[in-house]
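Okay, structure first, notes after.
The values are calculated or read from the model by the stated rules, or taken from the named source; none is laboratory data. These numbers were taken from a predicted model, which means no experiment stands behind them. So basically every Cβ, Gly included, is an ideal-geometry build from the backbone, and we count neighbours across all protein chains shown.
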Amino acid sequence: MDFRAVAACAFLLVLAVGAGCRAHREQMARSYVNPALRLPDSMVRFGRSPFSYRPGEPLGDFKLYFDHAPGAGRDDKFEIVGVAYRLRRSACFQRSGGKLLCTTCHNPHQSQHGEAAVERMTVACRSCHEPILDRLAAGGRHSASSDCASCHMPKRRSQDVVHAVVTDHFIRRQPARDDLLAPVAEMQETPGNAYRGEVVPYYPAPFPQTPENELHAAVAQVVQKSNLVEGVRRLSAAVEKHRPANAEFYLILADAYREEGQMEKALPQYEEALRRDPSLVAARLQLGSALRAGRQPDRAAEGLREALRQTPDRANGW
Ligand code: HEC
Ligand code: HEC
Ligand code: HEC
């Protein structure tokens, strides 16, 4: 499958989600993923299965999206799957009251190239900008060229897939830099250069204030260790305050404590996770491994035996 076909599929998937105005706006958020840089960029709510989203449902009821903190050096990130993320930064998107959609510029049923593509884009841009453009062009203050995207949506090398060049959907007066196609060094993420800082809500923004959202936002701080110390504090406080029914919150908290070397605090949280959901094999395995590391081999063996009974083919139980 070539790149355009892949893009078209992603596009159709996004469109399939749309139903009604809200979902249309949400198709923008849904196509934002952050494949290379672990943050996490998004999280399906605990208790929801990955394919349980139904068109028309508020996207935030299914999944929450996160971003780097502003000013942390990642504000101009340009990633291969960042179309919606970039478009959402444009004045065109922010100030057109939800009218600018993927389908304003693209025909999802027909991939257009060359002249036909330029023509379609010009029609799309002009549908909002005609009066001012004609005024500016008549006064010699704006280019008469109709290839709007060549100046306002230049192609640019992506930072995470460094051999690919894609269109910057952040529509601006002028490109931020003039070396958009220059080679970019491949980046291997290591503990030394990985993002360390707050993981902030991206969509919905801000998250509505609910116990569930407080818990998930705290989980986002710790799962990729982006904001571990502060995150453990936030998550333990939220778990203490809300005592959520879902066992996964206790499991994540236990893992985070363990990551921080606070084994004595991790063990009761693993146990709590298992009390709430005895079938949560991940908690049983983690507890077993924590007990083994803590020199309690008998208790470890007992838990691991049970884990094996539940999932005999999971190798890490052995
Ligand atoms: C759905 C309507 C809509 C469409 C389609 C649209 N824009 Fe815009 N655009 C806007 C609005 C609204 C603004 C903000 C105007 C303002 O603040 O006065 C804007 C602002 C801009 C700006 C100024 C940006 C800035 O940061 O100051 C440029 C340049 C621009 N648009 C170019 C384009 C181009 C090129 C296209 C086609 C590829 C396009 N627009 C398509 C609605 C649209
Ligand atoms: C304001 C117009 C506009 C909007 C809105 C828009 N696009 Fe684009 N898109 C373009 C232009 C211009 C190109 C480059 C076309 C070309 O090279 O022929 C492009 C190219 C693409 C490509 C091909 C890869 C690339 O980056 O060159 C994909 C995929 C894509 N757009 C997806 C989307 C998705 C998904 C949305 C909605 C979230 C969207 N676009 C919204 C104008 C737009
Ligand atoms: C040769 C490059 C080039 C092309 C092609 C081009 N523009 Fe521009 N455009 C500019 C520059 C540069 C500015 C900023 C002018 C300024 O800020 O003084 C601008 C400004 C704008 C603005 C903001 C106007 C304002 O001051 O409010 C809009 C809207 C816009 N362009 C739309 C378009 C559309 C639509 C097309 C295609 C029909 C297009 N441009 C083609 C370079 C270009």
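General observations
- Hits in segment 92-125 (condition: β-branched (Val, Ile, Thr) and more than 9 Å from ligand 2 (Cβ to nearest atom)): Thr122, Val123
- Against the test of being closer than 30 Å to Ala91 by Cα, touching a residue at least 60 places away in the same chain (Cβ under 8 Å) and among the basic types (Lys, Arg), the options Arg196, Arg172, Arg177 yield a single qualifying residue, Arg172.
- For segment 56-75, filtering for residues that are exposed (fewer than 12 other Cβ atoms within 10 Å of the Cβ) and farther than 14 Å from Tyr203 by Cα leaves 4.
- Considered as a group, the residues in segment 128-155 that are within 10 Å of ligand 2 (Cβ to nearest atom) and not in a loop (DSSP other than H, G, I, E, B) include one that is nearest to Arg173 (Cα to Cα), and that residue is His152.
One line per residue, one yes/no per condition, for (1) within 28 Å of the chain's Cα centre (by Cα); (2) more than 8 Å from ligand 3 (Cβ to nearest atom):
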{"site": "Gln94", "(1), (2)": "yes, yes"}
{"site": "Cys105", "(1), (2)": "yes, yes"}
{"site": "Val118", "(1), (2)": "no, yes"}
{"site": "Ile132", "(1), (2)": "no, no"}
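- Filter result for Leu267 (of a type outside the set (Asp, Glu), farther than 19 Å from Phe46 by Cβ and either buried (at least 19 other Cβ atoms within 10 Å of the Cβ) or touching a strand residue (DSSP E or B) at 6+ places or on another chain (Cβ under 7 Å) (or both)): yes
- Members of segment 92-119 found to be surrounded by 15 or more Cβ atoms within 10 Å (Cβ to Cβ) and free of Cβ contacts under 8 Å to residues at least 60 places away in the same chain, listed by number: Leu100, Thr104, Cys105, Ala117, Val118
- Pairs with Cβ under 7 Å, 6+ apart, first in segment 129-158 and in the same structural domain as Ala84 (by TED's automatic domain parsing) and closer than 20 Å to Gly82 by Cα, second within 16 Å of ligand 2 (Cβ to nearest atom) and part of a helix (DSSP H, G or I): Ala149/Met121
- Among the residues here, Pro206 does not qualify as assigned to a loop (DSSP other than H, G, I, E, B), within 16 Å of ligand 3 (Cβ to nearest atom) and under 30 Å from Cys105 (Cα atoms).
- Residue within segment 179-186 that is within 14 Å of ligand 2 (Cβ to nearest atom) and either in contact with a strand residue (DSSP E or B) (Cβ under 9 Å, 6 or more places away or on another chain) or part of a helix (DSSP H, G or I) (or both) present: yes
- Single condition Phe170 does not satisfy, out of (1) among the hydrophobic types (A, V, I, L, M, F, W, C); (2) modelled with pLDDT under 95; (3) in a loop (DSSP other than H, G, I, E, B): (2)
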